[in-house]
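Report on the following structure.
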Amino acid sequence: MIRRCLFVLAGAMLAAGVAPAPSAAADELPKSLKSLEECRAIADNSARLACYDKAVMAFTASVSAKDVMVVDRAEVQQRKKKSFGLPFTEAGVLGPNAGPDTNQVTAKIAAVKPFGEFFLITLDNGGVWQTVESGFLDPEVGSEVTIKRGALGSFRMIFPKGAPLGAKRVR
């Protein structure tokens with residue numbers, strides 16, 4: 001089942017009359033949030049409150065049933081950083097407006113394993129990268145490495161000592 005992902009700072013903000021983000025068109029909203037939006041048009045205070053109560057209960061039920069996922073920007077950023085370099089990321093499912101893209105990650109080297117003329121490098125953030133170019137390099141555990149997104153889906157590992165090398169994320 002495909003889950004619709006949605007960014008909501010707080011369901012209560014919408015219920016309190018805060019309009020949805022401009023990038024979220026009304027036709028993109030799940031039914032549980034459309035009903036919240038429709039409540040705003042009710043002029044009578046008690047009828048509007050009853051509408052909001054019903055809509056918030058439906059929205060909460062949708063979240064509980066995992067039909068709607070609520071995440072904040074900080075969580076999206078954390079997921080994007082953790083999955084940086086993987087071909088298909090959970091953060092990518094959250095959509096193009098899910099916060100700024102991560103173009104580089106800096107981490108410490110936790111482990112190094114020779115892999116033919118290349119290296120398998122495990123970072124302290126859990127990522128495992130393989131160099132795809134050979135060079136005069138002796139990566140040291142504990143040293144910091146920066147991985148930058150390159151052209152055409154490539155990545156460059158920049159070490160404190162030595163030239164940058166092409167790399168790919170393997171886990």
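The values are calculated or read from the model by the stated rules, or taken from the named source; none is laboratory data. Nothing here was measured: the structure is a model prediction, and the numbers come from that model. Glycine gets a Cβ as well: all are built from the backbone with ideal geometry, and neighbour counts include every protein chain shown. Please note that ligands, DNA and RNA were not included when accessible areas were found on the heavy atoms of the full protein model with its side chains. Shrake-Rupley method; radii C 1.70, N 1.55, O 1.52, S 1.80 Å.
Projected label points at Glu38 and Glu140, each 7 Å from Cα along the beta carbon direction, are separated by 6.6 nanometres.
Roughly how much of Cys51 is accessible, in Å² to the nearest 10, using a 1.4 Å probe? Number for this one is 40 Å². Length gained on full extension, Lys148 to Val170: 6.4 nm, using 0.36 nm per residue less the C-alpha separation. Rounded to the nearest whole Hz, the Karplus-based 3J(HN,Hα) values (6.51 cos²θ - 1.76 cosθ + 1.60, θ = phi - 60°) of region 145-160 follow the sequence 10, 10, 10, 10, 6, x, 6, 6, x, 8, 9, 10, 9, 10, 9, x, with x at glycine and proline.
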